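Below: the structure, in structure tokens.
The values are calculated or read from the model by the stated rules, or taken from the named source; none is laboratory data. As the structure is a computational prediction, the values presented were derived from the model and not from experiment. Cβ placement follows ideal geometry from the backbone for every residue including glycine, while neighbour counts extend to all protein chains displayed.
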Amino acid sequence: MLEAKPVERAAMTDEVAGGPTTLSDALVRLAETEDILRAIGAGEVDAFVISDGGSEQRVFTLSTADRPYRMFVENMRDGAATVSSSGLILYANRRLAELLSCSRETIVGSPLARFMAADVPIGLDEIRGPGGVGTTVEFDLLDGDGAVVPVLVGSSPLEVDSDQLICLTFTDLTARKAQDREIARLGRDQAERMAELQDAQAALTEQATHDALTGLPNRNLLVDRIAQALSHSQRSRRFVAVLFVDLDDFKQVNDTHGHAAGDAVLRRVAEQMRAALRPMDTVARIGGDEFAVLAPDVDSQVHAVSIANRLVTAFRGPHDRKDTEPVTASVGISMAVGGRATAETLLTEADTAMYHAKGLGGARVEVFDSALGRKVRQRSAEQRALQSALDAGRVIVHYQPIIDLRSGGVTGFEALARLAELDGSIVLPAAFIPSAEDSGLIVPLGERVLEMACHEACSWHLPGPPESRLTIAVNISSHQLDRYDLTTFVGETLAQTGLDPQRLHLELTETAIIDLRPHIVQQLARIRDLGAEIGLDDFGTGYASLTHLRRLPLTFVKIDRSFVRGLETDQEDDRIVSAVVNLAASLGLRSIAEGVETGGQLDRLRELGCDQAQGYLFARPLPPDALPTVIQRSAW
Ligand code: C2E
Ligand code: MG
Ligand code: MG
């Protein structure tokens, strides 16, 4: 610290007076003199006298020189204060008054602590401490209304007349804090959205790979796993087995007990399968009541069948509750070791074997083999042939006359479907009806035949009263009765062709009406109401019982060809035909014998009292243009 010496004070005044002529000039020169600056800082210099060397002299007091700095502090964009070492506010600039929403009279003289939300270390010791001068600290001010004002405080020590003071600046952080909060909020939102997206992603993955009802893997995931197992089996040379499991009569569970009960059965079955399998096996639900199992690492066919049997046995477990109907299943197995097999071929083959198991009555296990494969390929070739015949209008109908055994005259014809090949040959029903039944093509085929037959029958003319007009018998498949509104189609066809409904006879194969479910019986009753007649075809070969004969609205039964064939040679056949003719008569039904080939058979049928007959003895099924000759023939 510079000592205050009057000499120096005088000297300085002299020097200034003898040298520079402007203030800036004087200041520049002063700036070079460190000691003089210190003297000013210590309050030892009060004024400058500046002379131009002549009479002109100007006096600058230091308070004048100070003013710009005071104004600067006063008008600063930050708040500023001087605080005594005991914490009293000695000075506050205008901005600080604004920040604290208080008058300066209130602020000056008050302890700084009054305006602080919490104790903050901004005393002299802290300023001089490790952080030191120039460090800043954030804290909250409390304004006159008690509202919080976040600020950044800078502090520096100030020594005035040996008093230790503190200079503080306050930068308002309100806007920045709001911005920070907004950024944090956006960050939080972003994080939440990310979490939501991740959850959605996980749910989608679960949905894409699992079945919602049972929680089992779905077909996609199963196919992946089969592919993996196949590539692994290429090295291990052990079998990969795929089991296709289809519940028997599941539709009935749904129909009788409702869908909730059906769902419960599916969940239970899923659980039982999981429990019955090895940990390495995968069980998947791949359709309504269809499950498939991947059993990798299988030794042999016997091993695979034993896994399948374990499953089937598991379903038979205890069923103590009402919603747990006992369940049986049909299982198809296919096996492969690496090579050219794919997941899809294994699944298709297992499905085929399962279908075969179903065809054999269900509740059994079948293994896919090449013979079955051939059969399936043949079926699908048949389906393609039928489809293209339907598309190209190559379905034709031949008509076999039905003879009244008392008069020997023609009473009507049976319509029998055929496919006309491009080479002129004709395909018989045995080559397309079974695959048409499998594929559902039997419905459009049946419609086509019904339309053509009704149309054809309208062109036949026979003299005599209306009741003697020729009838037309059309074969109907079970599929046409089960999931399809046959009645409406029959009604429309009769209306369109103008055929007298009483001339239309529908023949149901015995196997078609085994189940007497109400909707089937009702559908037949409605067809009867239209005026058409209904009869049982191939009687004696299927499962029809007396109940069927009583419950169904029938008017005739057709005795199957296999019994008629033995009429002359086999006593048992003779007795069966005799019994059927009598049964029909006692129930008020007409009896019609099929496949009559010999005069002996015809004679015996007449003796037994059979009403009508058809067979090669009279005529083979004939194309429409051959019918007039048959119709005109008076008697056989
Ligand atoms: P089905 O209804 O029992 O028809 C009688 C079958 O016996 C016909 O065979 C007929 O040609 C044959 N047949 C008639 N008399 C004799 C005979 O004296 N000896 C021999 N060996 N056979 C005789 P087809 O035409 O081959 O039809 C076979 C079966 O195909 C039909 O048996 C019927 O169940 C089915 N079918 C034919 N057309 C249709 C159709 O449009 N719809 C449906 N759903 N099934 C049809
Ligand atoms: Mg028939
Ligand atoms: Mg028949």
Look through the range 325-345, keep the residues that are closer than 13 Å to Ala292 by Cα and among the β-branched types (Val, Ile, Thr), and return whichever of them is surrounded by the most Cβ atoms within 10 Å (Cβ to Cβ). Val331
Take Thr411 and decide whether it is more than 28 Å from Arg278 (Cβ to Cβ) and touching an Asp or Glu at 6+ places or on another chain (Cβ under 8 Å). yes
For Glu437, which of the numbered conditions (1) within 16 Å of ligand 1 (Cβ to nearest atom); (2) modelled with pLDDT of 90 or more fails to hold? (2)
Residue satisfying condition, being in contact with a strand residue (DSSP E or B) (Cβ under 7 Å, 6 or more places away or on another chain) and over 19 Å from Asp538 (Cα atoms), within set Val630, Val596, Val577, Val557: Val630
Test set (1) out of contact with any Gly (no Cβ under 8 Å at 6 or more places or on another chain); (2) more than 11 Å from ligand 1 (Cβ to nearest atom); (3) assigned to a helix (DSSP H, G or I) - Leu481 fails condition number: (2)
Among (1) touching a Ser or Thr at 6+ places or on another chain (Cβ under 6 Å); (2) at pLDDT 95 or above; (3) farther than 30 Å from Arg606 by Cβ, the one test that Asp404 misses: (3)
Result of the Cβ filter at 9 Å on the range 550-569, keeping first residues that are touching a residue at least 40 places away in the same chain (Cβ under 8 Å) and partners that are surrounded by 14 or more Cβ atoms within 10 Å (Cβ to Cβ) and of a type in the set (Ser, Thr, Tyr), at least 6 apart or interchain, is Phe556/Ser591; Lys558/Ser591; Ile559/Ser591
Among all residue pairs at least 6 apart or on different chains, which show Cβ distances below 8 Å where the first residue, located in the range 513-535, is assigned by TED's automatic domain parsing to the domain that holds Thr487 and the second is modelled with pLDDT under 95 and surrounded by fewer than 13 Cβ atoms within 10 Å (Cβ to Cβ)? Ile514/Tyr543; Leu516/Thr547; Gln523/Asp485
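Rundown of residues vs (1) within 15 Å of ligand 2 (Cβ to nearest atom); (2) more than 28 Å from Gly409 (Cα to Cα); (3) at pLDDT 95 or above, yes/no style:
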{"site": "Gln480", "(1), (2), (3)": "yes, yes, no"}
{"site": "Leu516", "(1), (2), (3)": "no, yes, no"}
{"site": "Leu524", "(1), (2), (3)": "no, yes, no"}
{"site": "Leu530", "(1), (2), (3)": "no, no, yes"}
Picking from Ser380, Ser388, Ser370, which residue would you name as being surrounded by fewer than 18 Cβ atoms within 10 Å (Cβ to Cβ) and farther than 29 Å from Leu486 by Cβ? Ser370
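Yes or no, residue by residue, for (1) farther than 30 Å from Ser388 by Cβ; (2) away from ligand 2 (no atom under 16 Å from the Cβ); (3) crowded, with 19+ Cβ neighbours inside 10 Å:
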position	(1), (2), (3)
Pro401	yes, no, yes
Glu414	no, no, yes
Arg418	no, no, yes
Pro444	no, yes, no
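Only one of Pro624, Pro553 is away from ligand 2 (no atom under 16 Å from the Cβ), under 58 Å from the mean Cα position of the chain (by Cα) and either surrounded by 15 or more Cβ atoms within 10 Å (Cβ to Cβ) or not assigned by TED's automatic domain parsing to the domain that holds His505 (or both); which? Outline the logic, then answer.
Working: Pro553 fails: either surrounded by 15 or more Cβ atoms within 10 Å (Cβ to Cβ) or not assigned by TED's automatic domain parsing to the domain that holds His505 (or both).
Among Pro624, Pro553, only Pro624 is away from ligand 2 (no atom under 16 Å from the Cβ), under 58 Å from the mean Cα position of the chain (by Cα) and either surrounded by 15 or more Cβ atoms within 10 Å (Cβ to Cβ) or not assigned by TED's automatic domain parsing to the domain that holds His505 (or both).
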Residues of the range 429-462 satisfying the condition of being over 40 Å from the mean Cα position of the chain (by Cα) and among the acidic types (Asp, Glu): Glu451, Glu456
Inter-residue pairs, beta-carbon under 8 Å, first of a type in the set (Lys, Arg) and in the range 482-509, second assigned to a strand (DSSP E or B), 6+ apart: Arg503/Gly412; Arg503/Thr471; Arg503/Ile472
Of the residues in the range 602-621, how many are buried (at least 16 other Cβ atoms within 10 Å of the Cβ), touching a strand residue (DSSP E or B) at 6+ places or on another chain (Cβ under 8 Å) and of a type outside the set (A, V, I, L, M)? 7
Quick one: is Ser407 closer than 16 Å to Gln383 by Cβ, polar (S, T, N, Q) and not in a strand (DSSP E or B)? no
Take Ser634 and tell me if it is exposed (fewer than 13 other Cβ atoms within 10 Å of the Cβ), closer than 26 Å to Leu554 by Cα and small (Gly, Ala, Ser). no
Of everything in the range 420-442 that's away from ligand 2 (no atom under 16 Å from the Cβ), surrounded by fewer than 16 Cβ atoms within 10 Å (Cβ to Cβ) and of a type outside the set (A, V, I, L, M), which residue is nearest to Thr509 (Cα to Cα)? Gly440
Which one of Thr488, Thr509, Thr497 is within 16 Å of ligand 2 (Cβ to nearest atom) and either among the hydroxyl-bearing types (Ser, Thr, Tyr) or out of contact with any helix residue (DSSP H, G or I) (no Cβ under 9 Å at 6 or more places or on another chain) (or both)? Thr509
Examine the range 405-412 for a residue that is touching a helix residue (DSSP H, G or I) at 6+ places or on another chain (Cβ under 7 Å) and within 16 Å of ligand 2 (Cβ to nearest atom), and state whether such a residue exists. no
Does Ser586 qualify as being among the polar types (S, T, N, Q), within 16 Å of Asp404 (Cα to Cα) and either within 16 Å of ligand 3 (Cβ to nearest atom) or in the same structural domain as Arg406 (by TED's automatic domain parsing) (or both)? no
Pair list, Cβ under 8 Å, 6 or more apart: the range 192-212 residue modelled with pLDDT of 85 or more, other residue aliphatic (A, V, I, L, M): Thr209/Leu221; His210/Leu216; His210/Leu221; Asp211/Ala284
Looking for something part of a helix (DSSP H, G or I), of a type in the set (Ser, Thr, Tyr), within 14 Å of ligand 3 (Cβ to nearest atom) and touching a strand residue (DSSP E or B) at 6+ places or on another chain (Cβ under 9 Å) - is there at least one such residue anywhere in the range 561-568? yes
In the range 592-634, what residues are of a type outside the set (S, T, N, Q) and away from ligand 1 (no atom under 16 Å from the Cβ)? Arg606, Glu607, Leu608, Gly609, Asp611, Asp625, Pro628, Ile631, Arg633
